[in-house]
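Q: Quick one: the structure is below, questions incoming.
Every number in this text was worked out from the coordinates using simple rules, so none of it is lab data. This is a predicted model, so every value here is computed, not measured. A quick note on method: Cβ atoms are made from the backbone with ideal geometry, for glycine too, and the neighbour counts reach across all protein chains shown.
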Amino acid sequence: MNEVIMTEKILLTKHWWALAVRGIFAIILGILAIAWPGLFAGAFILIFGIYFLAQGVFILFTAADMRKEEHRGSLVLGGLLSIVAGIIIFALPGVTLVMMIWIVAFWALVTGIFEIAATFKVPSGTGGKWLLFLSGVLSVIIGLFLLTRPGAGLLAVLWIIGIYAILAGFTMLGLAFQLRKLQS
């Protein structure tokens, strides 16, 4: 039992930087959405396509090092879903904004569910476990909001996505630095 916990801690702490990079990307994305919503609206599809692909790659990179871990499957599925969402965005650039919002909503909902589930797999004593849970809850709330109000207006949606991205980014950074402390 202790060997499993030690292995999980080593794998989580080894890739703390990947979580930090995801957090930084999320914060930058959020700031752009809030500061320049008009400009951001024009680049909305491209930015989210890049973000989904990058997040999926970082998640799969982390999962690749977890070959024998039982919760590796949820990471792989989450990473693949992010990559598929990014590919769909680039393959269908003419998709309407409402459809794009639905893609973001489903992605946020699924990501949030996986983050909440992953909270129960993080070893006790990690210290930042509640940050991962908070990030998952925020994702689920935003996903449900966007699913129930897809036509809420572009500016409102961009601000909501911006605020969500900033909050999620800071929670990811917080958890990454907690994991980094465990590494030393």
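Q: Report the local net charge at L132: Lys and Arg +1, Asp and Glu -1, summed over other residues whose C-beta lies under 11 Å from its C-beta. Let's see the in-between values first.
A: Details: positive: K121, K129; negative: E115.
The answer is +1.
Q: Moving on to the next point. Report the local net charge at G79: Lys and Arg +1, Asp and Glu -1, summed over other residues whose C-beta lies under 12 Å from its C-beta. Write down the numbers at each step before the final one.
A: Details: positive: R22, R72; negative: none.
Residues near G79 contribute +2 overall.
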